[in-house]
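See below for the structure under consideration.
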Amino acid sequence: MKRIALVIVAALCAALLGAVPAQAEERTCRGTIGAVTVDNLRVPSNATCTLKGTRVKGTIKVERNATLYATSVRVVGNVQAENHKHVSLKSSTVGGSVQLKQGKTATITSNRVTGDVQSFTNRGKQTISSNRINGNLQCKSNVPAPTGSGNIVQGNKEDQCRRL
């Protein structure tokens, strides 16, 4: 009888522990990361991160006054930058959206983006060129207005980006 009770308790514990969702790890980037796979990636305030051929299974977050240089990167989630210094995203694939908010400069060139590309309230040169965007290309309240050309957009080109 004790043996059956122990087996039941062990099975319940295993079921409960198995039910706890696994949490994705966040990697902080200062410097350069090459062709490796990471879960989520964060570029902390005032840091510079260079990604070359990196695969990100989650989201890239670029924090206050931080700089991201990403070339030939595969991102399953989003690229989110708020109050950033500079974001350069080239020849990459983003499964979610690219969001640039209240930052300074950005260059978004020759990427494939499943979601939207959004540039809102930035104060610096934004260049958005030769991207293939399945969602919308949305730009609003940027000074100066974003420039670029050759974007193929399945959704809408809106506001300051309607001619890009």
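Laboratory data are not the source of any read-out in this text; all were calculated from the coordinates shown. Because the structure is a prediction, the values reported are computed rather than measured. No Cβ is skipped: glycine too gets one built from the backbone with ideal geometry, and neighbour counts run over all protein chains shown.
Failed condition for Arg163, given (1) within 18 Å of Thr67 (Cα to Cα); (2) among the charged types (D, E, K, R); (3) surrounded by fewer than 15 Cβ atoms within 10 Å (Cβ to Cβ), with all others met?
The failed condition is (1).
If you scan segment 27-50, which residues turn out to be of a type in the set (Gly, Ala, Ser) and part of a loop (DSSP other than H, G, I, E, B)? So that I can check it myself, show each step before the final result.
Of all residues in segment 27-50, those of a type in the set (Gly, Ala, Ser) come to 31, 34-35, 45, 47.
Within segment 27-50, Gly34, Ala35, Ser45, Ala47 qualify.
Return yes or no: is Gly124 in contact with a Lys or Arg (Cβ under 7 Å, 6 or more places away or on another chain), surrounded by fewer than 18 Cβ atoms within 10 Å (Cβ to Cβ) and small (Gly, Ala, Ser)? Can you show your working first?
Working: in contact with a Lys or Arg (Cβ under 7 Å, 6 or more places away or on another chain): yes; surrounded by fewer than 18 Cβ atoms within 10 Å (Cβ to Cβ): yes; small (Gly, Ala, Ser): yes.
When the stated conditions are applied, Gly124 passes them.
Starting from segment 33-50, keep only residues that are surrounded by 13 or more Cβ atoms within 10 Å (Cβ to Cβ), then list their pairs with residues that are hydroxyl-bearing (Ser, Thr, Tyr) whose Cβ atoms are within a distance under 7 Å, requiring at least 6 positions of separation or different chains.
Partner pairs satisfying both residue conditions: Ile33/Thr54; Val38/Thr54; Asn40/Thr59; Arg42/Thr28; Pro44/Thr28; Thr48/Thr67; Thr50/Thr32; Thr50/Tyr69.
Which residues, counting only those in segment 79-108, are buried (at least 24 other Cβ atoms within 10 Å of the Cβ) and not in a strand (DSSP E or B)?
First, pick out the residues of segment 79-108 that are buried (at least 24 other Cβ atoms within 10 Å of the Cβ): 79, 81, 84, 87, 89, 92, 94, 98, 100, 103, 106, 108.
Selection gives His84, Ser92, Gly103.
Take the residues of segment 51-78 that are assigned to a loop (DSSP other than H, G, I, E, B) and touching a residue at least 24 places away in the same chain (Cβ under 8 Å): which is surrounded by the fewest Cβ atoms within 10 Å (Cβ to Cβ)?
To start, the set of residues in segment 51-78 that are assigned to a loop (DSSP other than H, G, I, E, B) comprises 53-54, 57-59, 63-66, 72-73, 76-78.
In the following step, the residues that additionally are touching a residue at least 24 places away in the same chain (Cβ under 8 Å) were identified as 57-59, 77-78.
Working: Lys57: 16, Gly58: 18, Thr59: 21, Gly77: 20, Asn78: 21.
Taking the candidates together, the pick is Lys57.
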